[in-house]
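These notes concern the structure reproduced below.
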Amino acid sequence: MLAAVVVMFVYIMLVKIQIVSSPLEITISDTVSKTSLSIKDETDIFLDKLYQADKAKSEKKNSKSAAKEVDVEEDKSSDDAPSKDDGNEDPKQREKYRIEKEFKNDPCLSKTILESRYSSMKLKSFYGTHELSNDENYFLDLTCGDIEYVPEDADSQLEYTDSRLLDDDFESLNQYLRKTGYGSIIAGEDADLDSYDFSSLTDWYRFTGSSVWLPDQKYHLMMSRIVYSPNKIPLVSFIRLQLFDPNWKEIKGRRLRYVDIDDKELKSAVVNYERTKNETILDGISIKFPNILDINLDVESRSDLLGPEDPRILYKSTGDVHEPVAVFNQDLRGRRTMYATFPLRHTKPGHKKETLMLRTSLMGDYPFEKNWTPFFSNISPPPPPGSRGWMYMFYALDPLKIFKCDLDTGYCDIVQQNGKKTDIDRGGLLTSVRGATSLRSIPRKIVQRMLRRDGILDPDYPLEIWVGFVKTHIDECGCGAMLYRPNIMVLVRQENSFRIDLLSSSIDFGKDVMSWDDLTSTYCDDGNNVLNANEISFWHISDELPQDIQPFDPSAKEIPKYDDYMALTLSEADENVQVVFLRHVLNYVLGFYKHTKLVLSSRDINGEIEERTKRVEDCMLRSGIEYCHEYAKIHTRPKSDEAPSSENGD
């Protein structure tokens, strides 16, 4: 009897080995036979096997280089975790072991992120929660020094890595421009598009890369703007779609299932593909990467740059369907207009990707809008079945204005608007905040922990905190005609009142920023100086770290500490797409609350919010001007490097 069992076990294992070792023979029964997986899960596994089979086929053509690449991609094991046997391991080894355990719990935390070299910065910020007496006014009576915050402890100082360049070889660009006919915008109406090599043209530019982590698929979905700009005059713009793995290596040839295809369609498509091996059948249920977002460009009514600009992408985890949502602006009858779309929803054959115009009833039919900043609430009631739900928009900082947009209709309601735009003299310089990354909410359990610190024991108390990076624009401050830099922002909603609790000074992540007019230069003399933060791809936050006090003691006043990692995409001089990794973002933004309270009084949230926001913004912009002056001192071309001038003008 025992021998029979052993023989049967060996037979089963051999069958399994045969399936694994023959990746080119794929059937849906291989992945789903006699399992409890859903049809959607079965399809996901099928598409992954299809990708792995294609990958294996291409690797055979170049086995040596492929072997090295596989080693990097699959470097996710903990085999090299330090041994814990001797009990006297080096503290750095112990820390490495701890973060590798953390990595196992969240696939986005690859070794590329965990083992990068981090540098710290002493970043100055200004906060809007300073306590006031009854006769004090936040804007009139407090100075910037009164509300300045610079953390002293190392765990609360923002840390960053060198940025990584994320390239694109424009694969599939020719196919898209030929198939859609949009290539005639570039080549001319009479050109033979099938023989025209668009990707070889030198006037393509790619920037504004926005990325989001897909928790189910375990990839970063990147949307970037590609522009054809002959002689530096923008002609047409598209949104590029790419996938990156947890180590930020591009994944080519991978398909992702559309989230809105029913089980019957999924199963039919897979069965038909198995029968015919015609890959176009899978286009109806999935999207293949890299790709281009195929939206209507409104060619007939164009009056400006044709195509979408400033893409932002974030993940919606509310409602029936969890999915990425993209926001961008585009010309419509001569007016820049805001749109939303859903990259992982299918497109009807012969149609363009559905887009949703975002507007309020006061904007008219063709509003001029851009720089809206999307975010989601994690405590709002869930949407009704079948609805896509709502998305909030941070519209403006001065005055603070927030919209709530219906993702089924596109109509947006104003949920808060604080007074009128302020007129503050900052030495004659034009300064403003223009747009931001999407905002990410601090997890509810951490907010509840902070509420208990303020004596609020109700776990459902309506307070939320979001973190993002706004973009400041300063003209003629000493470094080019315009200087753009990212700044951390903390947005809070207490009960029904939004407010700005924190704005940081300008951040450059230790970079010598590429000049606008000369890409080989970092001197302020060579044009505008532009560094933009585009999107937060992910923000991983650990459980609360142990402290001397009991972490859940309601009377504890210590600020809790966390390990966190964030990926932030950047662009320099509108020329590239980069990613930088950050640590201690959460400790930084929570740290200033040790000087004040999170929960404000009814008087403050009902009457003083506008004055608080004005003071914080004013201090941040004044600090940005100071930053510009200091940056210019070390980025002005030395006189010895200047080209000699000709007195006779020759």
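The values are calculated or read from the model by the stated rules, or taken from the named source; none is laboratory data. Not measured: the values here are computed from a predicted model. Neighbour counts run over all protein chains shown; Cβ positions are idealised from the backbone, glycine included. Ligands, DNA and RNA are stripped out before the accessible areas are found, and what is left, the full protein with its side chains, is counted by its heavy atoms. Shrake-Rupley method; radii C 1.70, N 1.55, O 1.52, S 1.80 Å.
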- Query: What residue, among those in region 391-409 that are farther than 15 Å from K370 by Cα and modelled with pLDDT under 95, is least open to solvent (accessible area, probe 1.4 Å)?
  - Reply: L400
- Identify, by number, the condition in (1) more than 27 Å from the chain's Cα centre (by Cα); (2) open to solvent by less than 10 Å² (accessible area, probe 1.4 Å) that L214 doesn't meet. (1)
- Message: What's the total number of residues in region 477-504 that are open to solvent by 10 Å² or more (accessible area, probe 1.4 Å) and either within 15 Å of I465 (Cβ to Cβ) or of a type outside the set (A, V, I, L, M, F, W, C) (or both)?
- Response: 7
- Task: Report whether or not F469 is more than 22 Å from the chain's Cα centre (by Cα) and part of a strand (DSSP E or B).
- Result: no
- Task: Kindly indicate which of T636, T613, T596 is at pLDDT 90 or above, over 26 Å from T437 (Cβ atoms) and more than 24 Å from the chain's Cα centre (by Cα).
- Result: T636
- Check region 375-386 and report whether any residue there is at pLDDT 95 or above, open to solvent by less than 50 Å² (accessible area, probe 1.4 Å) and not polar (S, T, N, Q). yes
- Item | Criterion violated by L463 - all others in (1) over 22 Å from L621 (Cβ atoms); (2) open to solvent by 10 Å² or more (accessible area, probe 1.4 Å) satisfied | (2)
- Query: Right, R499: in a strand (DSSP E or B), more than 30 Å from F244 (Cα to Cα) and out of contact with any Gly (no Cβ under 9 Å at 6 or more places or on another chain) or not?
  - Reply: no
- Determine whether S199 is assigned to a helix (DSSP H, G or I), open to solvent by less than 30 Å² (accessible area, probe 1.4 Å), at pLDDT below 95 and not aromatic (F, W, Y). no
- Message: Here is a list: S571, S515. Which entry is over 24 Å from S156 (Cβ atoms) and either in contact with an Asp or Glu (Cβ under 6 Å, 6 or more places away or on another chain) or loosely packed, with under 15 Cβ neighbours inside 10 Å (or both)?
- Response: S515
- Filter region 264-314 for residues that are acidic (D, E) and part of a loop (DSSP other than H, G, I, E, B); the one that is nearest to the chain's Cα centre (by Cα) is D294
- Item | Close pairs from region 37-51: first on the phi < 0 side of the Ramachandran plot and open to solvent by less than 20 Å² (accessible area, probe 1.4 Å), partner assigned to a helix (DSSP H, G or I) and of a type in the set (F, W, Y), Cβ under 9 Å, at least 6 apart | F46/Y273; L50/Y273
- Message: As an exercise: evaluate Y565 against (1) at pLDDT 90 or above; (2) surrounded by fewer than 18 Cβ atoms within 10 Å (Cβ to Cβ); (3) aromatic (F, W, Y) and give the number of the one condition it does not meet.
- Response: (2)
- Which members of region 517-549 meet the condition of being of a type in the set (D, E, K, R) and at pLDDT 90 or above? D517, D518, D525, D526, E535
- Message: Which count do you get for residues in region 284-323 that are under 20 Å from K252 (Cβ atoms) and open to solvent by 30 Å² or more (accessible area, probe 1.4 Å)?
- Response: 3
- Query: When you go through (1) surrounded by 14 or more Cβ atoms within 10 Å (Cβ to Cβ); (2) in a helix (DSSP H, G or I); (3) free of Cβ contacts under 8 Å to residues at least 60 places away in the same chain one by one for K179, which number turns out not to apply?
  - Reply: (1)
- Task: Inspect all residues belonging to region 217-226 and state whether any of them is assigned to a loop (DSSP other than H, G, I, E, B), within 30 Å of N587 (Cα to Cα) and either in contact with an Asp or Glu (Cβ under 7 Å, 6 or more places away or on another chain) or open to solvent by 40 Å² or more (accessible area, probe 1.4 Å) (or both).
- Result: yes
- Message: Restricting to region 257-298, name every residue that is closer than 30 Å to L166 by Cβ, β-branched (V, I, T) and touching a residue at least 60 places away in the same chain (Cβ under 8 Å).
- Response: V259, I261, I285, I292, I295
- Query: Which one of these is part of a strand (DSSP E or B) and touching a residue at least 60 places away in the same chain (Cβ under 8 Å): L586, L531, L598, L570?
  - Reply: L570
- What pairs can you find where one residue is in region 186-202 and in contact (Cβ under 8 Å) with a residue 40 or more places away in the chain and at negative phi, the other is open to solvent by less than 30 Å² (accessible area, probe 1.4 Å) and outside any helix (DSSP H, G or I), and their Cβ atoms are less than 7 Å apart, with a gap of 6+ or different chains? I186/Y228; I186/V236
- Query: Out of all the residues in region 514-526, is one or more touching a residue at least 40 places away in the same chain (Cβ under 8 Å), part of a strand (DSSP E or B) and within 30 Å of G419 (Cα to Cα)?
  - Reply: no
- Task: Scan region 122-156 for residues that are over 20 Å from R499 (Cβ atoms), in contact with a His (Cβ under 8 Å, 6 or more places away or on another chain) and surrounded by fewer than 19 Cβ atoms within 10 Å (Cβ to Cβ) and report the count.
- Result: 1
- Of the conditions (1) in a strand (DSSP E or B); (2) in contact with a His (Cβ under 7 Å, 6 or more places away or on another chain), Y205 clears all except one; give me its number. (2)
- Within region 469-476, is there a residue that is within 21 Å of P560 (Cβ to Cβ), among the aromatic types (F, W, Y) and surrounded by 22 or more Cβ atoms within 10 Å (Cβ to Cβ)? no
- Item | Hits in region 601-642 (condition: open to solvent by 70 Å² or more (accessible area, probe 1.4 Å) and not in a helix (DSSP H, G or I)) | I634, E642
- Message: Being of a type in the set (A, V, I, L, M, F, W, C) and outside any loop (DSSP other than H, G, I, E, B) narrows it down to one residue among L457, L451; which is it?
- Response: L451
- Restricting attention to region 157-175, report how many residues are crowded, with 18+ Cβ neighbours inside 10 Å and among the acidic types (D, E). 2
